[in-house]
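Okay, so here's the structure we're looking at.
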Amino acid sequence: MKIVFFSNFLNHHQTAFCEALESIAGKGNFTFLADERTDDFRIEMGYSEINSSTGYVLCVYDSNENFIKAKKLIADCDLLIATGGCPPKYLQTYDKRAKSGKTSFVYSERPYKKNIDRFNIRGFLTRRKKHTKYENCNSYLLCAGAYTAKDFRFFGAYKNKCFKFGYFPDVESNRENLTVSKDSSKSVKLLWAGRLIDWKCTETALNLADYLKKNGVDFCLDIVGTGNREPFLRSLAYKLDIEDKVNFLGALSHDEVRKKMKQSDIFLFTSNRQEGWGAVLNESMGDGCAVVANCEAGATEYLVKDGYNGIVYSKKHHEKMYEKVLVLCSNRDEIKRLGENAARTMKELWNAKVAAQRLVKVYEQIKEGKEPFVYSEGPLSNAE
């Protein structure tokens, strides 16, 4: 079986999934098509340039010869996964593939990350034309986020062809068992990690810290990341008089962030609807954190079951979330229970190996002309 995964560039959130696909297809039968170099912005965020150092990657941008190879791979492979759909320069090849009955999966976050985008008529017509063109072909949607199917349904695409999916950073190999071992002899350790920009809503973490301090909780909050909101956030911490409780750690490498997750008790995932997915949620759950997650972010509704493996909140009910975290901070056993269930969710269900195996199984059923099997939960379950 020949499998091709087409995207802009390879990053550490995709490598585990790619390796799982290569393991199924066999060496030489899986190719990741990198259409762009890793941009400087991502490098500054801690991403590595791994396009040219990974054996299964074809760097399409390197030469016209590679571009020709890429088009042939798209046309001829058995299973195609295309992030965001097919760019214009490949459309003729993609048309040929679709008409031949080959199976393709479009892999996408929600297109309408801002409500105002729904009123862009030109954007609506462009998306509708692009994604309804192959309605009668073997073209399906992998929803990288809980609101993706709803957004695509807005312009009439992939009806009854939407599967739950996401991003699958390497989490299962980081925990051999489900026992969470955290240092409970010190104050409760809270962690926030990401870019310090408006829609990541870091101020929610600071306001929570203010609430916890006023209620006499022994805690510390580490904030990892940089961005244009950093001066405002530092000023807010000063205004709230929580500087003794909050540590701004700046940019850390991916490995350093994962180390902080392993050491932390509670991870705060505060992004709003503009967060299409949010792989830090996978990673913190895999490292046994009790997560507190905004329901608007794409990954939350798929990964977190409120009260079982974390706490889910709405931006309209911050006070209720603060109260729940206050109770949680006084109960180490509950922190441990939520963390262990979070690790179980990652190890047993939401990981690269499960996602790759299920995707290939669904592909094989489609190839045989059968209705694709829909799992009851997790990757490749129904996203309608």
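The values are calculated or read from the model by the stated rules, or taken from the named source; none is laboratory data. The shown structure was predicted, so the numbers you read here are calculated from the model rather than taken from an experiment. Glycine also receives a Cβ, built like all others from the backbone with ideal geometry; neighbour counts cover every protein chain displayed.
Brief remarks follow.
- Only a single criterion out of (1) of a type outside the set (A, V, I, L, M); (2) closer than 23 Å to GLY278 by Cα; (3) assigned to a helix (DSSP H, G or I) is not satisfied by GLY227, namely (3).
- Scanning the range 90-119 for residues that are among the β-branched types (Val, Ile, Thr) and either under 15 Å from TYR363 (Cβ atoms) or over 28 Å from the mean Cα position of the chain (by Cα) (or both) turns up THR93, THR103, VAL106.
- Of the helices (runs of 4 or more DSSP H) lying entirely inside the range 1-111, those containing at least 1 residues that are more than 26 Å from SER284 (Cα to Cα), polar (S, T, N, Q) and assigned by TED's automatic domain parsing to the domain that holds ALA149 are 64-76, 91-99.
- Test: residue in the range 9-27 that is farther than 28 Å from MET346 by Cβ and either free of Cβ contacts under 8 Å to residues at least 40 places away in the same chain or more than 25 Å from the chain's Cα centre (by Cα) (or both): no
- The range 158-174 - residue that is under 22 Å from the mean Cα position of the chain (by Cα) and farther than 18 Å from GLY378 by Cα and, of those, surrounded by the most Cβ atoms within 10 Å (Cβ to Cβ): TYR158
- Close contacts from the range 323-335, counting a first residue that is in the same structural domain as LEU208 (by TED's automatic domain parsing) and surrounded by 17 or more Cβ atoms within 10 Å (Cβ to Cβ) and a second that is among the aromatic types (Phe, Trp, Tyr) and not in a helix (DSSP H, G or I), with Cβ to Cβ under 7 Å and a gap of 6+ residues or different chains, come to CYS329/PHE219.
- When the range 253-276 is filtered for residues that are buried (at least 24 other Cβ atoms within 10 Å of the Cβ), of a type outside the set (Asp, Glu) and more than 14 Å from ARG195 (Cβ to Cβ), the ones remaining, listed by number, are SER264, ILE266, PHE267, LEU268.
- Breaking point among (1) surrounded by 23 or more Cβ atoms within 10 Å (Cβ to Cβ); (2) modelled with pLDDT under 95, for LEU338: (2)
- Within the range 200-243, being among the small types (Gly, Ala, Ser), free of Cβ contacts under 8 Å to residues at least 40 places away in the same chain and in contact with a strand residue (DSSP E or B) (Cβ under 8 Å, 6 or more places away or on another chain) holds for ALA209, GLY225, ALA237.
- Condition met for GLU36 (closer than 23 Å to SER108 by Cβ, at pLDDT 95 or above, surrounded by fewer than 21 Cβ atoms within 10 Å (Cβ to Cβ) and acidic (Asp, Glu)): no
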